[in-house]
Amino acid sequence: MAKILVIDDEFSILESLDMFLGEKGHDVYKAATGEEGLVLFYQHAPEVVILDIRLPDQNGLDVLSQMEKNEYPAKIIMITAFQDMETTIEAMKRGAYDYIHKPLDADEVEKAVNSALHILEVDHKTPLLEDMGEFPNREVIIGKSGKMRDIFKMIGLLCQNRAAVLIQGETGTGKELIARVIHRNSLFDREPFVTLDCSAVVETLLESELFGHERGAFTGASRAKRGKIELAGRGTLFLDEVGELPLNLQGKFLGFLQRREYMRVGGQQTLQSRCRIIAATNSDLFALVQQGRFKRDLFFRLKVVTINVPPLRDRLSDIQDLANYFLQKINLELGTEMLNLEQGVMDRLMAYQWTGNVRELENVLVEAVVRARGKVILLDQIEKVLSVNHSLPAMGLSSYSLPHMEKEHIQNTLTQVRWNRTRASRMLGISLPTLRSKIRKYGIEPPDLFEQ
Ligand SMILES: Nc1ncnc2c1ncn2[C@@H]1O[C@H](COP(=O)(O)OP(=O)(O)OP(=O)(O)O)[C@@H](O)[C@H]1O
Ligand SMILES: [Mg+2]
């Protein structure tokens, strides 16, 4: 039962809504002008207002704005005979909860009123987000699970030396984040952190990306260029998707690691580098070694220390902290004011597979926040977002156990978005480099239609 204010100059509408909502047990207040409506609004503080856009004395949108200025959180449902885009957008912009058209349909009115009341109730009784204090302005790794604590300890140890690190884990588990945090906590945190995505470029270019080249080293090399090793200086060189490094380059890179010396492509001069190497992969590098696709010696050079980042489904206790953290991050970035999750949402999140891991969790929350109509993320909305994601086969899992299904799914997704790889990677919940490497791994070819 709630207080509902109806403002409309059409007598028949006032009467029928009064009867209809009264029968449902609500207290109904009626006004035929904006001014009368505002008086009743301040007098009775209704939970829901049903407000006509066109009123005899003023524009319903202005009445809406005045009500929205009030501290009191009423949900305002606009009604109108017009079906134009601009008023709809304007009404939503000014904070209307929903928008229904004349002639009014009883079911539609009831649904809008009930969902507004549900949101008010949830907003009211859901506890606030755990206060995290000032939002951290640099990368932090969230998580208190035993597995993450072990990783924190390891990062602490690694900060005191320059040992090579291999970070393994499914897509979206936070490998790059961990690499950055290692760098930032090291003695060389003021030196550069340079990334080379080994899956991104063709082999010949990759070599010059890594080692640099001299002017005229190859067609198109009109000026000399420093390689990533050189750019990293005494800082960190982060080799992403290291499993994708072509065999030939693996040999050259191993040579560099053994002697800490290299030459630019087409160069004569021997250069030295003391940069720290952190490599990441989401394929099983040892399996690649056994298949002869990755050099054993390089593997052992890279994995002086190995960090295995567990998939999110193996550290469910981190989900709560991550969700809190992401909600605050999203509020800052999108200017929203989400307060928390409806009861039951957390259980749902814990039961989900999270094959795209932490990245997928963040994406799901962003989408839910954007769709939200109150200050709390409702179970319903999460369900909707997850059902879209869930119809996808398990990306992370499948990379080992269901390669065929994964290939097919990637192929379908790519076709669906006309080979827009960025969009496809977003839909699949994997990073662009990961997508590229999977395209290569499975030999997926664009149909001629999409050939660029
Ligand atoms: N423990 C965590 N705490 C906070 N944010 C996290 C955590 N783990 C991952 N993230 C965030 O999730 C996103 C994905 O993480 P990241 O890019 O490090 O994953 P990745 O393992 O490198 O994935 P891929 O293999 O697809 O490249 C990033 O925005 C990162 O900041
Ligand atoms: Mg990554």
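The values are calculated or read from the model by the stated rules, or taken from the named source; none is laboratory data. All values reported here derive from a predicted model rather than from experimental measurement. Glycine also receives a Cβ, built like all others from the backbone with ideal geometry; neighbour counts cover every protein chain displayed. Keep in mind that these areas ignore ligands, DNA and RNA; they rest on the heavy atoms of the full protein, side chains included. Shrake-Rupley method; radii C 1.70, N 1.55, O 1.52, S 1.80 Å.
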Fill in: Euclidean distance of C-alpha centroids, region 208-277 and region 11-43, integer Å
75 Å
Fill in: Between 0 and 90°, nearest 10: helix 146-158 axis offset from the chain longest Cα axis
40 degrees
Worksheet item: So between R371 and L247, what do we pick up on full extension, going 0.36 nm a residue minus the alpha carbon distance?
Response: 40.0 nm
Worksheet, complete the sentence: Given 241-252, 17-28, the highest-first ranking by average Cβ count within 10 Å works out to 241-252, 17-28
Fill in: Peptides 53-65, 353-365 ordered by average Cβ neighbours within 10 Å, highest first
353-365, 53-65
Discussion item. Could you work out the relative contact order of region 3-125? I mean the mean sequence separation of Cα pairs under 8 Å and 6+ apart, divided by the number of residues, in percent.
Written reply: 22 percent
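Given a 1.4 angstrom probe, what's the average accessible area per residue across the chain, in square angstrom?
Details: 22530 Å² over 452 residues.
Accessible area per residue: 50 Å².
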Practice prompt. Step through the residues of region 88-105 one at a time and calculate ³J(HN,Hα) from phi using the Karplus curve (6.51 cos²θ - 1.76 cosθ + 1.60, θ = phi - 60°), rounding each to whole Hz and writing x for Gly and Pro.
Written response: 4, 4, 4, 5, 5, 4, 7, x, 4, 7, 7, 8, 10, 9, 7, x, 6, 10
Worksheet item: Rounded to the nearest 20 Debye, what is the dipole magnitude of the chain about its Cα centre when Lys and Arg each give +1 and Asp and Glu each give -1 at the C-beta?
Response: 4120 debye
Item to complete: With a/c under 1.5 counting as rounded, go ahead and sort region 174-308 into rounded, prolate or oblate using the C-alpha gyration tensor (a ≥ b ≥ c being the square roots of the eigenvalues; past the cut-off, prolate if a/b is larger than b/c, else oblate).
Response: oblate
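So for each of 206-213, 434-441, 7-14 I average, over its residues, the number of other beta carbons within 10 Å; can you give me the resulting order with the highest mean first? Mind showing how you got there, number by number?
On the way: 206-213: 22.4, 434-441: 20.5, 7-14: 17.4.
Ranking the peptides 206-213, 434-441, 7-14 by packing returns 206-213, 434-441, 7-14.
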Worksheet entry | Label-point separation, M350 to N420 (7 Å along Cα→Cβ), nm | 3.8 nm
Worksheet entry | C-alpha center-to-center spacing [region 138-202, region 68-125] in angstrom | 47 Å
Fill in: Over the chain, relative contact order from alpha-carbon pairs under 8 Å, at least 6 apart, %
13 percent
Worksheet item: Ignoring ligands, DNA and RNA, what percent of the accessible area of the chain is carbon or sulfur (1.4 Å)?
Response: 50 percent
Worksheet item: So, counting K/R as plus one and D/E as minus one, what does the shell of residues with Cβ under 15 Å around Y262 add up to?
Response: +4
Fill in: Efficiency of FRET from Cβ geometry, E261 and K384, R₀ 51 Å, rounded to 0.05
0.35
Discussion item. If DNA, RNA and ligands are ignored and the probe is 1.4 Å, what is the ranking of T87, T204, T80, T415 by accessible area, most exposed first?
Written reply: T204, T415, T87, T80
Discussion item. Can you give me the C-alpha center-to-center distance between region 352-392 and region 293-316, rounded to a whole angstrom?
Written reply: 29 Å
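For S12, what charge total do you get from the other residues with a beta carbon under 14 Å from its beta carbon, if Lys and Arg give +1 and Asp and Glu give -1?
Details: positive: K30, K102; negative: D8, D9, E10, E15, D18, D52.
Counting the neighbours of S12, the net charge comes to -4.
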Worksheet item: Which length gain, in nm to one decimal place, applies between A106 and R190 when the Cα-Cα distance is subtracted from 0.36 nm times their residue separation?
Response: 23.7 nm
Worksheet item: Can you give the calculated 222 nm mean residue ellipticity of the chain, where each DSSP H run of n ≥ 4 adds -39,500 (n - 2.57) and the sum is split over every residue, rounded to the nearest 500 deg cm²/dmol?
Response: -14500 deg cm²/dmol
